[in-house]
Structure formats: C-alpha cells, structure tokens
1. Given the conditions (1) more than 30 Å from B:Phe126 (Cα to Cα); (2) surrounded by 24 or more Cβ atoms within 10 Å (Cβ to Cβ), which single one is not true for A:Ser298?
2. Within segment B:167-192, take every residue that is out of contact with any Asp or Glu (no Cβ under 7 Å at 6 or more places or on another chain) and over 18 Å from B:Val401 (Cβ atoms) and give me the one that is farthest from the other protein chains (Cβ to nearest Cβ).
3. Being closer than 20 Å to B:Ala193 by Cβ and part of a helix (DSSP H, G or I) is the filter here; which residues of segment B:226-249 pass it?
4. Here is a check on your reading of the model: is A:Glu398 of a type in the set (D, E, K, R) and crowded, with 21+ Cβ neighbours inside 10 Å?
5. Tell me whether segment A:12-19 contains one or more residues that are assigned to a loop (DSSP other than H, G, I, E, B) and over 30 Å from A:Ile408 (Cα atoms).
6. I'm told B:Tyr145 meets every condition in (1) within 10 Å of chain A (Cβ to nearest Cβ); (2) touching a helix residue (DSSP H, G or I) at 6+ places or on another chain (Cβ under 8 Å); (3) touching a residue at least 12 places away in the same chain (Cβ under 8 Å) except one. Can you identify the failing condition by its number?
7. Out of (1) part of a loop (DSSP other than H, G, I, E, B); (2) crowded, with 16+ Cβ neighbours inside 10 Å; (3) facing chain B (nearest Cβ under 7 Å), what's the single condition that is false for A:Glu42?
8. Of a type in the set (Phe, Trp, Tyr) and more than 7 Å from every other protein chain (Cβ to nearest Cβ) - does that describe any residue in segment A:131-138?
Amino acid sequence: MGSYVPSTAAEQREMLRAIGCGGFRDLYRDVPQSMYLDHPLEIPSGMSELEGSRVMTAMAAKNKVFSTILRGAGAYDHYIPSIVKSIPAKEEFLTAYTPYQAEMSQGLLQSIFEYQTMICELTGMDVSNASVYDGATAAAEAAAMCRDRKRRVTLVSSAAHPDTINTIRTYCYGTGDEMRLVPVKDGKTDLDALKNMLTADTASFYVQQPNFNGLFEDAEALGEAVHSAGAMYIMGCNPIALAIMKTPRDCGADVAVGEGQPLGIPVSYGGPYLGFMAAVSKYMRKLPGRIVGETVDSRGARAFVLSLQAREQHIRREKAGSNICSNQALCALTAGVYMAAMGPRGMADAARQSMAKAHYLAAELCKIPGISMKYSGGYFDEFVVEMPKADEALRALEDAGILGGLVIDGGVLWCATEKVSKAEMDRTAAIVKEVCAG
Amino acid sequence: MKLIFEKSVPGRKLSLLPPCDVDPAAMPAGLERESAPALPELSESDLARHYTELNRSVHGVNCGFYPLGSCTMKYNPRMDEEMAALPGFTRIHPLAPAEATEGCREVLETAKKYLCEISGMDDMTFQPAAGAHGEFTGVLLIKQYHDARNDQKRTKIIVPDSAHGTNPATAAMCGYQVVNIASADNGCVDLKALKAVLGDDTAGLMLTNPNTVGIFDENILEITRLVHEAGGLCYYDGANLNAIMGVVRPGDMGFDCIHMNLHKTFATPHGGGGPGAGAVGCKAFLSDFLPQSALMDGGEHFQVRSFAGNFLVVVKALAYLLTLGREGVPEAAQNAVLNANYLMRKIQGTFAPAFDRTCMHEFVLDLGAFKKETGVSALDVAKSLIDCGMHPPTMYFPLIVHEALMLEPTETESRETLDWAADVFRHLFTLAHEDPEFMHNAPHNAQIGRPDEVRAARKPVLRWKKDG
C-alpha cells in the first residue's frame, strides 16, 4: 500500500503513548460506536507509485488524442508556449494556499496584481478580481452583482454559450430571480426584441462576443439600448479576440467577463479553466472574490495584500454578495504568464492567425457542393455551416485523427486557431468532400 | 521586487508562432481595437527570472510547516501532478465524441465510486469547482427537493455560529434566510438551541463534523434525526473530512448531501488559492437534482458551471486514492488526528487550548488570557511565527473563540517537525513575557514588514499604471 505518512509504526506508538492513548481507537472516543466503520472500505488495496501510475496511464490511453482540433464551443486549442507550462508547476506557487499572510506571500500577491492589470488592459476596464471558477460562473456572478432591490430580472442573449445560459439560470433560481432569454435573428441577438424586453425591473443584459455561433455582435448598439433603459451591460468576451477586437469598455460594458481558458490553459476535458471578471471603477466594491491591492509596509516599502475584504464571505457572512472563497489562482497565474509571454504583438498575432485560418477553412468547406455558411455576419475563429452527411463526415475525420466541428442545432460549428496549418485544413476539406460528394 | 511592467522593454519578445500560411481576414469595420493592450514585452529569459523571483517569495507546503487550520495543507504527491499532465488527459476536448473520451469518463466514474464509499453517499457530481461552490450545489439540491414536493414554506437554513463564512453566504445565495444558532460551551451544537429553531419552515442544516474547533460532535445522530423529524435535510460541509475518512462516514451520521474538498482531503495542491474541486455527493433520493452540462448532456438541467468541472483535479485525487487504497485512507486520517493531539500536548503549559480535551485533526488555541497578561495578540504571535519560518495557523477563526489560533498539522508532518513547532511556540510564549514590543513589531526577517491594510482599503490601488 502507498502512504505519505512519514511516521514509522514505532514512532506512531511512541506518539500515542505520549498523549496517553493505547491506540488509534482512543482518539475517536467521541464517535458513537454504532457508526464507527468496523469493516474496511470497499475500495482497492493501496498501490505503489509504479502500479498507480500504470493504472492512471492506462485510463489516459483509453482517450483518443486528436492531432488536429477544429472544435471550440467553449474550449479552445491554442498554442501553449513551453514557459507557460513550466512556471505554474513551480512547487511554491503550486503548493501555497490563498495568500492570507502577506509577509510570506509577496510573490503570489504580486503575480495576482500583475494578472489583474493585464485583464484590465485586455478588457479596457478599471478593476479586475483575482479570478472566479470559469466563464459561465463569471457571467452568473456578474448578473448577481448587477441586481439590486428594484431591478431583479436578468436578460441573456440566446446566442450565448448554452452552459453559460444554464449556469446563469441556476444562479437566478438560487436567489429566486428571473432570467429571460433574448431571441436571436440571423444568428445574432435580436436588437429590437431586446429593446422590447428591457423594463424598469431589468437589472442587466448579458451578451457573448463573439457569440456561440462565432458571430460578432453589434455590441455597441446593444449596450446603448441597455443603458437607455437604465440597466447594466455585461459582456462575455473571448480573451484572444480582445487582442484585436474593440474592448468591452469601448462598447459601453459595465462588467466584462469571460472564459480565460484560451490564455495558455489546456482543454483538459473541461477544466480547470479560468473565469475572468473586470468592471468599471464605480462597481469596484461590488465585484465578488479576491482582489489584490498595493499598499506600503511598516517600513514604507511597496507591498501587496488581499484587499477590500469587507465584501467577502468570511467578513460579511450571509450579507456577502457571493460565497466564493477558493478561486482558480494557478490558472490566473498561467494566464498571466501566457499574456506576458505573448506580449501585445504575440496576442494580436494569435488572434489574427486564428481569424485568418477560420476564414480559410470556411472558404474551403464552402467550395464543396452542398455546404454553405449558415449566417452571413462577420465572425472571428468559429463559424456555422450547413452540410449534408455531417455525422458521417465527422466520423471520417476522426478516423484520420482530426476532431471536426460540433453538430449543433441547424448546422456544424467549426473552429480554427493559429495552431492549425493550411495543410491540415486542406486535408480536412478533402476528407469532408469525399464523404459529402460520395 | 520590480513589477513585470517595470521590466518591459519595447520590442522584446519570444519566438513562438510561425508566419501565417493563409491570407489574412479583416476585422469588420468599427470592430477593430483602437490601441493595443499595454501587456509587458520581455525576452524568455527575462520572463523566467521574473517568475522565479516571485516564486522565491512564496511559502508553499514544500517550503516548510503550514499548519493553516481548516485548510488541510498536506503534502501534494508529485506523481499525481505527473498523471494530470498526461496528454491523454490535457488534450481531450470536453465535447469530443464519447468513444474518444472513454478514459475521462472512467476517471470520473472510478473517483465517484471510491468517494461515494468513503462518504457513504449514493451518487456524486464533480461539476462544482471549489468547496464553497460545492456548498452552493448541495444547498440547491435541498432547495430543489422541497420545490419538487411543492413544499414552499421551508425558507430557513440553520447554521451554527462556529461555521465557516461560506455556509451562511451559501444559504443566502440559495435564497434562504440564515438562522444562526449559538454553540454549546463545549463548542458543539447546542441541542436545546437547535430544537428551539426547528420547525416546518426549516429547509435544512449545514454542519461541519468534526466542527471548526476540531471536535467530533457526539450528538450527531440526534442532530440529524431532529432535523429530519422537522422535515429538513442535512448538509455536510466536508472541510474537515480529513479527520475521519475511512473511520466514520457522513452518510452514516445521517447527512443527505455533502461536499468534499478534493484540494484538501485528497491532496491536490491549492495553487495559491485554487483550482480546487468541490465534489458533491448525495443520497439516492436527491440524484435527479444533480447538475449537468447543457452541451455535454443536453437540456435545460440545473448547472453550476460549464462542462464536467475541474477534471484534472479529479485525476490527481484519483491517483492519490489509488495510492492510499483501503488501508491508507484511514491511516491518513488517524495520523492527522494523532499529529494534532501530539502537537497540542507538546504545547501544553504555554498557550491554552480553547477546549482541553482530545481533538480531531485540528485544535484551537485561545490566547484571550495570554493577551490580557502580556499584551501580545494572536496576530503578534502569528507574525512572529513567520520570523521562525513557519506559516501561521488560521487566525481569529472560528468566531466563537475571540483570540484564536487554529492549528492543523496534517498527517504528512513528521514527529521532528511537530517537536520543532512545539519548541517554536514555547519560545514565543516566553518571548512574549520578556519582550512583547519585539512581537508587536514582528515580522522582522520577512520580505516585508506588516502591510498597511487600512490604506489598501481606503485608497485602493488594484492595478499598475504607467504613470503611477
């Protein structure tokens, strides 16, 4: 059996003796006899490291690793620089807890302060928190922070990610508030419908940019409508697109959130990912979660601390705006290293290449008879096509080591990032053509 | 330490991407970003040095003793990290077809089976990303249960005053009114106080057992029976599961649902604040209410985040469970309890325990009388521990002990470390009587002196700006 207990059996006996116990059972004297487990757990016997790693490696081997990934829908296969993998694996960053003791955690606190600054730069906002769980919870938390006594209804674009919509709906169910879906027209949020739905009890409207169909929303016009009704405007943005796309700040958003996974975090069957969350300064004290601030120490030198804690659950308890405690700190560190490694030009290059490749792939697919774009609007690195024999084509791609687009309502949602080469896309189009023309 | 932005030199970069091999695509008019984000520009060596410098001023479990009560700062096995870094896990898209994700589902199914056995539950979800997120999920199970029965009168959740802040905050997020009940003199649930608030408006009770003062509540069966009798459900906060895993099960105590902190009890690293994983288990009658993913599972089901949760954290926890197995799980719990009692005994005669009796995996020191005598506070002691190379215990929690230090050594500390820690506490106890001023000004050898938190809150500086 494996164990990480350093004490030998002899040491354990001596320690038990030192505290006046005859055996381990004595330590559990408060546990009623009737519930004390008198039989071993029904799980396998412990293993050595070699055996355990064999079992885990065998499980990993049952998954299929695709050499080409042309699927996004909330999880994006961007290139991850080597240094972005090595830095978060450093043992001190990895094994520390939340930096409650600033004097022993300056490196961690500074890395979060730097991350917050980078998120502010990317979104154009004034203040960022230290992270929440993922893009869906960031949207749900943003919707919660926008509600007040009078304005309780959250409007959400139907063109947002289905998991995000469901998560916002669930958080609204918790507090007994209502979420209403704004319909879609030509793959994008229907502005006229939104205008009709905005009422005096609307707290906020959430839109995803680019949206689940890959399309750019007319974010400024949506924002103007929301503000003219006195509600708050939340934008969920793809952080890679933000390197070249108009910022949520410039689109009038009050709160900017998003899924930070594209910033150097592997797709990993869905997690851990990163929820980023930033706001204009007016809402600084309404943001949930940890926030790091700069101050000075007793000697007058620059120092960093967990700040504005009066917002949080350990102080405010049931009056806190959120219950969040643990967040995704190591993923935020990863994203920080990624943004620093890419720099402003590297981020823009990744964004432009992803967009260029998606447009190339779309053009190649649409050369195949029977395949056409479902929507006419501008898009970033994802797009929907209508195609015959989609399931068959996708299976043929899978056999060739290519994970193709995702079948969604009314079409197939494809994604291309800077990682995909022209040759891989040509091969993809050739296989699809063979199936669809056959 | 300079900020990364202060090290930036325009034009520096890494060589990461090849030139684009297809024609560029233009952003639609009016959607172009106006100016580039002011991200830092560095060489790869600049970057490596910067983060290594930051990493050096972080105290992790691998640096030394970290008895942060309630946080279970045990050793994080390297093998678990290696397993979670396998491309067969990291490169799997959550929406890949079922036949390509068999291994991922086996990880989740196996971890579920083992953790259900350990907790005495019938079903489980890994969607919640952290402990508090698990609490939210668990209390929403309770809410859905009452709603499904059209039992609308249950508007209250009972929380003992010794609870973590996340408990009342969670109940509020689920739309419940929080009823705080005072603890008995022994730190446990006061049965009279509980009975007084139970009624047909009780939705449920949230409880940690062992509780936050490190004591196993011997009345637990009576507590859960009373709540059930009133028509409420019982939620187990798994923050302190490390004391009892493999010894006694929350399911056998009468709890209906539970969260487990995989990042505490099951040895996955905390990463400076996360990611964790708050696996939520429940009895069969609550199964239908467990969350799902709209995209992975279809439909408009209850859901607390995207996809299947912090999957790689579950991979690490499963690797840990395979290593420990049926013998190692209770062995870890028993040694966690042994280490806590051993350290408490070794400190005896100096700082007083809040409850002088056998503890579970953690214990609370009450420095109230000590502070009156010496003027030295729990905060001063904590800051002095930093000078000695020890991460301070949890301070000023639970709230029912006013000058509290809460110590949780965990099972992965050796006897030498515990002996050393006891010596450090003895030394500080003596020092407080000889030179309290020195302790008021601690730490003396840390990277910074005490930070001015009031200034940080009054004049918030939450990001770097070029011109200050």
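1. Of everything listed in (1) more than 30 Å from B:Phe126 (Cα to Cα); (2) surrounded by 24 or more Cβ atoms within 10 Å (Cβ to Cβ), A:Ser298 misses just condition (2).
2. Here the residue is B:Lys192.
3. We begin by selecting, within segment B:226-249, every residue closer than 20 Å to B:Ala193 by Cβ; these are B:226-237.
B:Leu226, B:Val227, B:His228, B:Glu229, listed by residue number.
4. So A:Glu398 fails the test.
5. Checked against the condition, which is being assigned to a loop (DSSP other than H, G, I, E, B) and over 30 Å from A:Ile408 (Cα atoms), segment A:12-19 yields at least one hit.
6. (1)
7. Against the list (1) part of a loop (DSSP other than H, G, I, E, B); (2) crowded, with 16+ Cβ neighbours inside 10 Å; (3) facing chain B (nearest Cβ under 7 Å), A:Glu42 comes up short only on (2).
8. So far as segment A:131-138 goes, no, none of its residues is of a type in the set (Phe, Trp, Tyr) and more than 7 Å from every other protein chain (Cβ to nearest Cβ).
The values are calculated or read from the model by the stated rules, or taken from the named source; none is laboratory data. Please read these numbers as outputs of a predicted model, since none were measured by experiment. All Cβ positions, even for glycine, are placed from backbone atoms using ideal geometry, and neighbour counts span all protein chains on display.
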